[in-house]
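The values are calculated or read from the model by the stated rules, or taken from the named source; none is laboratory data. Worth saying up front: this structure is predicted, and the values here are computed from it rather than measured. No Cβ is skipped: glycine too gets one built from the backbone with ideal geometry, and neighbour counts run over all protein chains shown. Only protein heavy atoms, including side chains, enter the accessible area calculation; ligands, DNA and RNA are left aside. Shrake-Rupley method; radii C 1.70, N 1.55, O 1.52, S 1.80 Å.
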Amino acid sequence: MKTLHSLTIATLAVLALMAASCSTTRRIPDDEILYTGVKKVEIAPADSSKINPAIASQIKKAVAFPPNNYLKIINWRYPFPLGLWVYNNWPNPKSGLRHWLYEKLVEEPVLVSDVRPEVRTHMIEQILDNNGYFGGTATYSLIQGRNRKKAKILYKVDPGNAYPIDTVYLLADTTRLSHLIDSLASADPYIASPDRRYSTDSLSTMRTRITNKLRNKGYYFFRPEFIEYLADSIQRPRHIALKMALASNVPEFALAPYTTGNVTIHVARNQGGGTPDTIQLSRATLIQMQPSRLRRNSIAECITFRPGRTFSVRNMDRTQTNLSRLGIFSNIGIEAMPDTANMAARKLDVDIYCTFDAPLETALEVNASSKSNSYIGPGLTFGVTNKNIFGGGEQLSVKLTGSYEWQTGSGRRSAFNSYEFGITSSLAFPRLLAPRFIPRSRFQLNWTRFQLNADLLNRPHYFKMAQFNASVNYDWRVRRHVQNTLTLFKLTYTNLMHTTADFDSIMAANPAVAQSFMSQFIPQMIYSYVYDRQINRDNTLNWQFSVQEAGNIFWAIYHACGKKDEKKLFGTPFSQFVKGQTQLVWGRRLGQGDHWLVSRVAAGAAHAYGNSSQVPYAEQFYVGGANSVRAFTVRSIGPGSYKAPAGTPEENFDRTGTFKFEANVEYRFPLFGPLHGAMFIDAGNVWLLKDDPKRPGGLLQASTFLRDIALGTGVGLRLDISMLVIRGDLGIGIHAPYNTGHGGYYNMPNFGKSLAFHLAIGYPF
């Protein structure tokens, strides 16, 4: 310890000597000063009122200029100016290793003349003028210490008085266009607000809103710059009289409304070429290059233009969105041109150009996890989709999934070696094949899906289980931010194909677990609701909720037919249970950059009744893994504080429960280019809603709830390349809910065994 203490003192002494001997200003010219950052931005209104926070933010952003040794990601100036030391004290050889080191380490000094504070004070005054603070002033001063070659900059801002808009003079109501502009301006949120401080940005935004509404009322060629504002501050002191006017150079054709003329749809093959085939639809003319597959009604349903009606830009956007949602076109373009043969009619002919995409699409996803206690395993998903099998955007897809996990290390028994394979086929129609009483939006694409699925799960030394299911699903939207999914019918069959003596002994000792593994049919109906919205630039919200029931329809049919004792389907028992789960994800932008704090809370519960004493194994909850509590592998914790005794077969068995709770907080930030970083905290576990004496500590109880929650933290990297995000997360365990042999809240055996690495595709939530 004495040697270590002496070494620490010596190291600090060397660092202090280096700092004292290496100057950071030696090479700075006599007429220059090293810039060391902004001391402060003092905004002091003359009347002691508070300035608008958004304007204060603009001012601070205008003077923000990073000094040397500054980390922009976290807005921190670190105290060791290595780059400046190299610049001022190292020679720069022309070549060789020392030249390479110099180029990598050097940081040229940021000078006050580079910052140009006098220009920034003018920028501040311009910001004040643009926001109604006329007569505001900004000054700066250099704050120097003992070294007169260094200085921080202090900015002082006197914004003056804010000028509200007192009177608004609209256009003379002599034409239909003027009348429309007056009506839109009077109802605009900015003009209608009682606190309408003069602001050029707000006025610019208002005329953009007015223009967008005019373009939806036939004035396709109208532009925001055609509206001008004249501001007068003389009529009433410290107030603005605002007058609206049309620019003198507005072309004649922009002053009149247009109606929709001929609508023509041009559909080209993705290989190019072909023979044109012209078909007259009810509201458009379709020119399709043959040979190609296209269901004409699906195209007609996407077109929102109506010949003879007022032309609307909104119809252009909706038509393009509808066509793109079909998923069969690689390129879509819409043009509107005046009917040159009859200019007096003021009609716009619409030409829609679509190019078929390649019909087949493949997708490959790879993920892997590794934990320091030697559990590792990769996963693979490969899918093929025909995006236009019947010519109307119908999608036929086949997806293969596989995963494998094993325990490495010499002398280890391969009890946890396992694999899972599955195949899923789906046929989806881009419309709702359902009764009209189900509410839906005609402006959104709705889907009907038929699915078949088969899975094989193998746990060597334990069991082999097969599962088959078939389902019919409806996906539809009532509003833009709301997604509804109704699984009208889903029939699942689970079959325990093979068991070992070890597994049979476990089941014999634990009847509750045995019941969840029994071969059975699971007839279900499921409804899910998703609300997904970006509330504003800085806030996102996603809420998911689902509820499902199993067996009630069959039970009701049997009961209605007088077969009250009938509890089987095709000679096999069917399950009865209810299950619900919900998840709330909230994202908040931090600052002005791409820094986000994303939080998630999720919970779920399942209860078996009637024909079943336990919820089927495949329908129970689990935690851990790449999208859950990342400090633990999947299905490795719970229920509650239960953990099988070490050395028993149950120790490596999957851990599931009938109640789940998870909470996650993740800070996401950019590093450079497409590479992003993350820091996270995860918590969660599963519990039992019915007491199981064979799994002590697994029951959900308020007195032990907090202690039973597993907690982990960690860091991650994300490579965000366009539509693909490759993610690697290193989880660090803090608290395991079971007895690890170590006391205290941090009860991990050691740091190395608390680590878990996950490689996955996409963000965790």
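Here are the numbers:
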quantity	calculated
Single condition Val530 does not satisfy, out of (1) modelled with pLDDT of 85 or more; (2) over 30 Å from Trp596 (Cβ atoms); (3) hydrophobic (A, V, I, L, M, F, W, C)	(2)
Ser519 being more than 23 Å from Gln544 (Cα to Cα) and either of a type in the set (A, V, I, L, M) or open to solvent by less than 50 Å² (accessible area, probe 1.4 Å) (or both)	yes
Region 455-480, residues that are open to solvent by 40 Å² or more (accessible area, probe 1.4 Å), under 24 Å from the mean Cα position of the chain (by Cα) and either over 20 Å from Arg436 (Cβ atoms) or at pLDDT 90 or above (or both)	Arg480
Test: residue in region 488-498 that is at pLDDT 90 or above, surrounded by 15 or more Cβ atoms within 10 Å (Cβ to Cβ) and within 30 Å of Pro359 (Cα to Cα)	yes
Residue pairs meeting the criteria (Cβ under 7 Å; at least 6 apart or on separate chains; first outside any strand (DSSP E or B), in region 480-504; second of a type in the set (Ser, Thr, Tyr) and open to solvent by 40 Å² or more (accessible area, probe 1.4 Å))	His481/Tyr531
Residue that is surrounded by the fewest Cβ atoms within 10 Å (Cβ to Cβ) [pool: residues in region 319-338 that are in contact (Cβ under 8 Å) with a residue 60 or more places away in the chain and closer than 16 Å to Ala284 by Cα]	Ala336
Failed criterion for Gly673 (all others in (1) of a type in the set (Gly, Ala, Ser); (2) within 29 Å of Ser613 (Cβ to Cβ); (3) free of Cβ contacts under 8 Å to residues at least 40 places away in the same chain hold)	(2)
Any hit, region 250-272, residues being farther than 30 Å from Ser330 by Cβ, open to solvent by 70 Å² or more (accessible area, probe 1.4 Å) and not in a helix (DSSP H, G or I)	no
All positions within region 532-552 that are surrounded by fewer than 14 Cβ atoms within 10 Å (Cβ to Cβ) and in contact (Cβ under 8 Å) with a residue 12 or more places away in the chain	Arg537, Asp538, Asn539
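For every residue, the table says whether it meets (1) hydroxyl-bearing (Ser, Thr, Tyr); (2) in a loop (DSSP other than H, G, I, E, B); (3) open to solvent by less than 50 Å² (accessible area, probe 1.4 Å).
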site: Val623; (1), (2), (3): no, yes, yes
site: Val629; (1), (2), (3): no, yes, yes
site: Ile637; (1), (2), (3): no, yes, yes
site: Tyr642; (1), (2), (3): yes, yes, yes
site: Arg668; (1), (2), (3): no, no, yes
site: Met679; (1), (2), (3): no, no, no
site: Val686; (1), (2), (3): no, no, yes
site: Pro693; (1), (2), (3): no, yes, no
site: Asp708; (1), (2), (3): no, yes, yes
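A quick yes/no check of all residues on (1) under 24 Å from Ala56 (Cβ atoms); (2) in contact with a helix residue (DSSP H, G or I) (Cβ under 7 Å, 6 or more places away or on another chain); (3) exposed (fewer than 13 other Cβ atoms within 10 Å of the Cβ); (4) in contact (Cβ under 8 Å) with a residue 24 or more places away in the chain:
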residue: Pro79; (1), (2), (3), (4): no, no, yes, no
residue: Trp100; (1), (2), (3), (4): no, no, yes, no
residue: Glu103; (1), (2), (3), (4): no, no, yes, no
residue: Val110; (1), (2), (3), (4): no, no, no, yes
residue: Met123; (1), (2), (3), (4): yes, yes, no, yes
residue: Tyr163; (1), (2), (3), (4): yes, no, no, yes
residue: Leu184; (1), (2), (3), (4): no, yes, no, yes
